[in-house]
Amino acid sequence: MARFLIIDTALEEAIVALGKDGKIIGELTNKETHSHASFIQVAIAKMLEAHQMAMTEIDAIVVTLGPGSYTGLRVGLATAKGIAYTLEKPLIGLSTLSALAAAAIQLSPTSIEASTQIFSMIDARRMEVFGAIYDASLKPILSEQAMVLDQTKWSSLISQPTICIGNGHLKTKDFTSTHHLIYLDGNYTSQVLLDLAMAKWTAGQFEDLAYVGPNYLKEVYILPHK
């Protein structure tokens, strides 16, 4: 089985993990959002040393492409691309929203019926979220997009029983719906990322290092200097 180096700096908690034989064999996390850049390289070195593995033994580099933190996405992808380019290893890119949907299936307190949809939401400030809706087999119903949520928008999206996951769902709890809603407070894990990466590895779905970039979903706005 392939060995994967997993890098995720898209959200509040950064993850660096090693996957082997379909299982996570090592993981380090960082909850200090503003120090993800200094965390990644050190974490990778510690992980490889702890498992007596050389970087050249890694078969593929896995990285979350977003949406999420602008700075976090740049940091994670730059590191992943640099390693993949230097070692001539394939790069596997993952969506944070599809990873949340995959996590929802694992975290659901009951089995998910075919009529249930999964709404992944990441906080994008104010009443805006990065969101996508998937069916019970993780096929997209609503493509990834930045959206401003209000009651009218919410009602148009919730046309069937829905599982809501991701920190963006906190903005929706005051909205009403005629359909059954389940709110999940969990997040995806490194094992979820590994499972998604293995599916892409098997299908030969790799990123083009020359063209792959972060999936911001909306333009980056940087405040001008005063």
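The values are calculated or read from the model by the stated rules, or taken from the named source; none is laboratory data. Bear in mind that the values here come from a model prediction, so they are computed numbers and not experimental data. Counting neighbours? That spans all protein chains shown, and the Cβs are built from the backbone with ideal geometry, glycine included.
The criterion of at least 3 residues that are farther than 19 Å from Gln205 by Cβ and not basic (Lys, Arg) is met, among strands (runs of 3 or more DSSP E) falling completely within the stretch 1-86, by 14-20, 23-30. Against the condition without any contact (Cβ under 8 Å) to a residue 60 or more places away in the chain and touching a strand residue (DSSP E or B) at 6+ places or on another chain (Cβ under 9 Å), how does Ile92 come out, does it pass? No, not satisfied.
Considering every residue within the stretch 130-144, establish whether at least one is modelled with pLDDT of 95 or more, surrounded by fewer than 18 Cβ atoms within 10 Å (Cβ to Cβ) and more than 21 Å from Pro161 (Cβ to Cβ). Scanning the stretch 130-144, I find no residue that is modelled with pLDDT of 95 or more, surrounded by fewer than 18 Cβ atoms within 10 Å (Cβ to Cβ) and more than 21 Å from Pro161 (Cβ to Cβ), so the answer is no. What do you reckon, is Gly131 free of Cβ contacts under 8 Å to residues at least 40 places away in the same chain, over 14 Å from the mean Cα position of the chain (by Cα) and closer than 22 Å to Ile15 by Cα? For Gly131, the condition - free of Cβ contacts under 8 Å to residues at least 40 places away in the same chain, over 14 Å from the mean Cα position of the chain (by Cα) and closer than 22 Å to Ile15 by Cα - is not met. Checked against the criteria, His169 does not count as surrounded by fewer than 14 Cβ atoms within 10 Å (Cβ to Cβ), in the same structural domain as Ile112 (by TED's automatic domain parsing) and in contact with a strand residue (DSSP E or B) (Cβ under 9 Å, 6 or more places away or on another chain). Pick out the one residue from Ala103, Ala17 that is among the small types (Gly, Ala, Ser), surrounded by 21 or more Cβ atoms within 10 Å (Cβ to Cβ) and in the same structural domain as Phe130 (by TED's automatic domain parsing). Matching residue, one of Ala103, Ala17: Ala103. For the stretch 109-127, the set of residues classified as modelled with pLDDT of 90 or more and crowded, with 17+ Cβ neighbours inside 10 Å consists of Thr116, Gln117, Ile118, Phe119, Ser120, Met121, Ile122, Asp123, Ala124, listed by residue number.
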